[in-house]
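A quick write-up on the structure given underneath.
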Amino acid sequence: LMPKEMTVIGARPSIGKTALALQVALHAAMNDCPALFVSAEMGKEELSKRAVSMLTGIPFATLRGDAVSDDHGREAIIEARKRLGQAKLLIVDNVRNSMDIFHLASGCAKEKGIRLIVVDYVQLLDFSKNVDNRNLQVGAISRAMKTLAVETGCAVILLSQLNRQSERSGSGKPILADLRDSGSIEQDADVVWLLHRDKDEYRGETKTTVYLQVAKNRNGPTSDPMPIWFHGPTMSFR
């Protein structure tokens, strides 16, 4: 993830793009790279509990239901929240207009030293009520996020859904053209990561194989799909 560049993470619903982006932001924030995570889909409290689950290994469902009963678990949660506070990870969950996100993130970069900005996800954002065409809206949002990266000097991660055509292909492997609603996302992105799972794989197991492909890399190499483990209970990648 490079300054002034926009990386797009594309996937179908429930593949793990939010989990991966949150884990990247958390890792960055804990390694002296203050991060801003803007979510138009999930609440701040839920995302914070996901981060605590990643840090402690306590299943997210247990944290979500406030079902931690032993002293060791509670101590681990307190320690994780302390580390999370020290990590300089700012989560915002009440902004959907892309220009509001632009101004918010620009201010955070200047005032809080934010160096990584994650926006989840483009299809849930608004640009202007005066633009009715959704493709034009998404294109304008994509350009605004790329401009945000350039003007702030931050690395920007923009999440995007893929269209259903990616599930219908014989291989099940998505391609750049599957980025939903606008070709502008593919054009504006410096890097594109595409995530997918094998269509026939059983998803109820603790560990699931997810494939990550670097489908575009303006300043470097691309890659074939690489297997990574998705750990369901903590909603994290290994």
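Worth pointing out:
- Of the residues R96, R218, R81, the one that moves most in a GNM of the chain with alpha-carbon contacts below 10 Å is R218.
- The chain, accessible surface, carbon-and-sulfur percent (1.4 angstrom probe): 48 percent
- P(r) tail fraction, the chain - alpha-carbon pairs more than 23 Å apart, %: 49 percent
- Rolling a 1.4 angstrom probe over the protein heavy atoms with all chains in place gives the chain an accessible area of 49 Å² per residue.
- Magnitude of the charge dipole, the range 1-75, Cβ model with Lys/Arg +1 and Asp/Glu -1, debye to 20: 340 debye
- Options F60, L212, G153, ranked by Cα towards positive dipole end of the chain, top entry (Cβ charges): G153
- Under 18 Å between alpha carbons - lysine pairs in the chain that sit 8 or more apart or on different chains: 21
The values are calculated or read from the model by the stated rules, or taken from the named source; none is laboratory data. Note that the structure is a prediction, hence the values are computed from the model and not measured. All Cβ positions, glycine included, derive from the backbone under ideal geometry; neighbour counts span all protein chains shown. Side chains are part of the model used for accessible areas, which takes the heavy atoms of the whole protein and leaves out ligands, DNA and RNA. Shrake-Rupley method; radii C 1.70, N 1.55, O 1.52, S 1.80 Å.
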